[in-house]
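The values are calculated or read from the model by the stated rules, or taken from the named source; none is laboratory data. What you see is a predicted model; the values in this text were computed from it and never measured. All Cβ positions, even for glycine, are placed from backbone atoms using ideal geometry, and neighbour counts span all protein chains on display. The protein model used for the area step is the full one, side chains on, heavy atoms only, and it has no ligands, DNA or RNA in it. Shrake-Rupley method; radii C 1.70, N 1.55, O 1.52, S 1.80 Å.
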Amino acid sequence: MLQISFPSVSKYDNALYYSLISAIDERMTAYKGTEKQLTELASSFHTSCERYAAAYKQSTKSFLTDTIAQKDSARDKITQVIENVARYWAELPDDDDALHGRHISQPFKDFDYRRNEALLAQNSKWQNIAQVFAKAEQAADLATMGLSTLVQKANTLTQEIVDLMAQRNEDQSTYMVGEMKSARTENEALFLQLMQYINALLVVSPTEAIEQTAQYIQQDLNKVEQQYQQSHKRKKADDGAVETPATQE
C-alpha cells in the first residue's frame, strides 16, 4: 500500500525547508483531484507557504547575499566551460582524446549537477565531483585538456560560497523569532496535516490523481532529505568526524 514517508522537518534549516515546501506546494497546486477537504487543506497550505516565503526572503536580505550570488555566477560559468570542453573532447575521433573527455564529463551526469538548483545542492554536488577529479586518472585527464586551473577555481569558489552561507546563517540566526518563527510553526503544522490526510486518502479512497501526487511528493521529500544528509555528513567531517568517501551511483 502506497504511503508517504516523511521525516521530522524541524531539523531542516530555513533554506532547505523553503525548497521542500515550495516543491510540495507546486505538487498540490497541480493536483487535479476533486476531494474537497484535501483541496481546502492544500489552499491553506499554499497561503501558509506564501507567508513563510515572505518571511524567509526578508530574513535572507544580507550584504552577503549579493557576494554569494556573484561567486555562484562565476562558478556557474567556470563549471559550464569545464563540462562543455569535456563534452567536446568526448566527441573527438581519436579514442584516447575521447576517453579523456568522457572521464571528466561523466561525473556531471553521475551526480546530476545542475546550475539552477539551490546553492546547498550545488555545493554538495560540486564537492562530490571535485573528489572524483582529485583522483590520479581524472587529474591527468584535466591536465591534458588544460582544465586543472579552472577546476581549482571552481573548488575555491565553492568553499568561499559555503563559508559565506555559514556566516550569513549565523548572522541571521536571531531572526527565528517573531514572524519567521510564527510562519514556520504554522507551516510545519499544516505540512503534517497535509501529509497525514493524503496518507489517509491512500488507504480509504485511493485515486490515480492522489497516488500520482503522493509519488511526486515522496520524490521531493527524498531529494531534500538526501541534500540534508550530504550537508550534515560534510559538517561532521569539518568538525573532525570521519567521513565516508563519496561514491558514484
Tell me, what does the Kirkwood hydrodynamic radius of the chain come to in angstroms if you use every pair of distinct C-alpha atoms?
-> 20.4 Å
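Could you tally the net charge around GLY146, taking each other residue with its Cβ under 14 Å from the Cβ of GLY146, Lys/Arg +1 and Asp/Glu -1?
That sum, taken over residues with Cβ under 14 Å, equals -1.
What pairs from LYS125/LYS181; LYS71/LYS135; LYS57/LYS181 go past 23 Å between their alpha carbons?
In this structure, LYS125/LYS181; LYS71/LYS135 exceed 23 Å between Cα atoms.
To two decimal places, what compactness ratio does the range 43-169 give when its Cα radius of gyration is scaled by 2.2 N^0.38 Å?
The reported ratio for this selection is 1.29.
Could you give the size of the charge dipole of the chain about its Cα centre, using +1 on the Cβ of each K and R and -1 on the Cβ of each D and E, expressed in debye and rounded to the nearest 20?
In total the dipole reaches around 540 debye.
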Derived scalar couplings ³J(HN,Hα) [the range 202-219; Karplus, 6.51 cos²θ - 1.76 cosθ + 1.60; whole Hz; x for Gly, Pro] | 5, 8, 8, 8, x, 10, 4, 5, 6, 5, 5, 4, 4, 5, 5, 4, 4, 4
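How high is the relative contact order of the range 1-129, in percent, counting Cα pairs under 8 Å that sit 6 or more residues apart?
Normalised by residue count, the contact order of the range 1-129 is 16 percent.
If each DSSP helix of 4+ residues adds -39,500 (n - 2.57) and the sum is divided by the residues in the chain, what number results at 222 nm, nearest 500 deg cm²/dmol?
Working: 9 runs with 191 residues, N = 249.
Taking each H run of at least 4 residues, the total per residue is -26500 deg cm²/dmol.
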The answer for the chain, accessible area per residue at 1.4 Å probe in Å², is 55 Å²
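Taking only C-alpha pairs under 8 Å that are 6+ residues apart, what is the relative contact order of the chain in percent?
RCO, the chain: 35 percent.
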Given a 1.4 Å probe and every protein chain left where it sits, what share in percent of the accessible area of the range 85-127 is carbon and sulfur?
-> 49 percent
